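In what follows, a single structure is set out as structure tokens and then discussed.
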Ligand code: SF4
Ligand code: SF4
Ligand code: SF4
């Protein structure tokens, strides 16, 4: 059940195989200071998020007061299948399984695909490029393990802790919830 998901601290978030650019690490210490006053903060419940299915654009990308959005994709590598045909990375029916932009879900090229060993590939999000559009999340959720998901990033450079989160107002799935400021992330640890 969604309500049973336990928020995790920044330290736990960084230690659970969730990877991306070094934004969290670089902004971490200052971010903790910046949000130390916040008793609770806004966060996305990844079990409730529907990736704005049916809408032309995910509201996480368009409704945030920050540009680009404070919402970023994160990747739970512990539950990723390291698939050669990653449905988060590739569009349905790609021309070829290569990194050509015409084959990718991501409009900004934020997902780095690296060959590990046949038939496994690793997918790492460059958070500096991610705009929170949820396209990769939808592909992974619909056809993969569901290891890609969205989170509001809490540090100096991202969420400004609005009193009323504009995404919470716009979200069609009521997926934006309040979590403790000391444990601001809701991570995925099991397959969808
Ligand atoms: S597809 Fe969208 S949510 Fe996924 S990494 Fe690219 S910009 Fe971020
Ligand atoms: S609280 Fe404000 S800055 Fe943070 S995610 Fe919501 S709209 Fe964006
Ligand atoms: S607005 Fe809500 S349903 Fe849409 S991508 Fe964000 S959390 Fe998911």
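The values are calculated or read from the model by the stated rules, or taken from the named source; none is laboratory data. Computed from a prediction, not measured in an experiment: that's the story for all the values here. All Cβ positions, glycine included, derive from the backbone under ideal geometry; neighbour counts span all protein chains shown.
State which residue is nearest to residue 134 (Cα to Cα) when the search covers only region 105-117 and only residues that are outside any loop (DSSP other than H, G, I, E, B) and touching a strand residue (DSSP E or B) at 6+ places or on another chain (Cβ under 7 Å).
Step by step, filter region 105-117, then rank; the result is 111.
Within region 55-69, track down each residue that is in contact (Cβ under 8 Å) with a residue 60 or more places away in the chain and more than 16 Å from ligand 2 (Cβ to nearest atom).
The answer is 55, and nothing else.
Take region 174-192 and flag every residue that is modelled with pLDDT of 95 or more and either within 16 Å of ligand 1 (Cβ to nearest atom) or assigned to a strand (DSSP E or B) (or both).
Selection gives 175, 176, 177, 178, 179, 180, 185.
Does residue 72 qualify as being touching a residue at least 40 places away in the same chain (Cβ under 8 Å), within 13 Å of ligand 2 (Cβ to nearest atom) and closer than 20 Å to residue 144 by Cβ?
yes
Assess whether residue 145 counts as being over 19 Å from residue 57 (Cα atoms), at pLDDT 95 or above, touching a helix residue (DSSP H, G or I) at 6+ places or on another chain (Cβ under 7 Å) and surrounded by 15 or more Cβ atoms within 10 Å (Cβ to Cβ). Walk me through how you get there before you give the answer.
On the way: over 19 Å from residue 57 (Cα atoms): yes; at pLDDT 95 or above: yes; touching a helix residue (DSSP H, G or I) at 6+ places or on another chain (Cβ under 7 Å): yes; surrounded by 15 or more Cβ atoms within 10 Å (Cβ to Cβ): yes.
Considered against the rule, which asks whether it is over 19 Å from residue 57 (Cα atoms), at pLDDT 95 or above, touching a helix residue (DSSP H, G or I) at 6+ places or on another chain (Cβ under 7 Å) and surrounded by 15 or more Cβ atoms within 10 Å (Cβ to Cβ), residue 145 comes out as yes.
Check 60, 49, 64 and return the single one that is assigned to a loop (DSSP other than H, G, I, E, B) and within 7 Å of ligand 3 (Cβ to nearest atom).
49
For the list (1) surrounded by 15 or more Cβ atoms within 10 Å (Cβ to Cβ); (2) outside any loop (DSSP other than H, G, I, E, B); (3) free of Cβ contacts under 8 Å to residues at least 12 places away in the same chain, I need the number of the one condition that residue 123 fails.
That leaves (3) as the condition not met.
In region 157-170, is there at least one residue being closer than 15 Å to residue 60 by Cβ, away from ligand 1 (no atom under 15 Å from the Cβ), in contact with a helix residue (DSSP H, G or I) (Cβ under 7 Å, 6 or more places away or on another chain) and modelled with pLDDT of 95 or more?
yes
Which one of these does residue 104 not meet: (1) near ligand 1 (Cβ under 9 Å from one of its atoms); (2) within 25 Å of residue 13 (Cα to Cα); (3) without any contact (Cβ under 8 Å) to a residue 60 or more places away in the chain?
Of everything listed in (1) near ligand 1 (Cβ under 9 Å from one of its atoms); (2) within 25 Å of residue 13 (Cα to Cα); (3) without any contact (Cβ under 8 Å) to a residue 60 or more places away in the chain, residue 104 misses just condition (2).
For region 67-80, how many residues are more than 12 Å from ligand 1 (Cβ to nearest atom) and buried (at least 16 other Cβ atoms within 10 Å of the Cβ)?
4
Return only the number of the condition from (1) free of Cβ contacts under 8 Å to residues at least 40 places away in the same chain; (2) touching a helix residue (DSSP H, G or I) at 6+ places or on another chain (Cβ under 8 Å); (3) surrounded by fewer than 22 Cβ atoms within 10 Å (Cβ to Cβ) that residue 111 does not satisfy.
Of (1) free of Cβ contacts under 8 Å to residues at least 40 places away in the same chain; (2) touching a helix residue (DSSP H, G or I) at 6+ places or on another chain (Cβ under 8 Å); (3) surrounded by fewer than 22 Cβ atoms within 10 Å (Cβ to Cβ), only one is false for residue 111: (3).
If the requirement is being crowded, with 24+ Cβ neighbours inside 10 Å and in contact with a helix residue (DSSP H, G or I) (Cβ under 6 Å, 6 or more places away or on another chain), which of these qualifies: 140, 133?
Of 140, 133, the one residue that is crowded, with 24+ Cβ neighbours inside 10 Å and in contact with a helix residue (DSSP H, G or I) (Cβ under 6 Å, 6 or more places away or on another chain) is 133.
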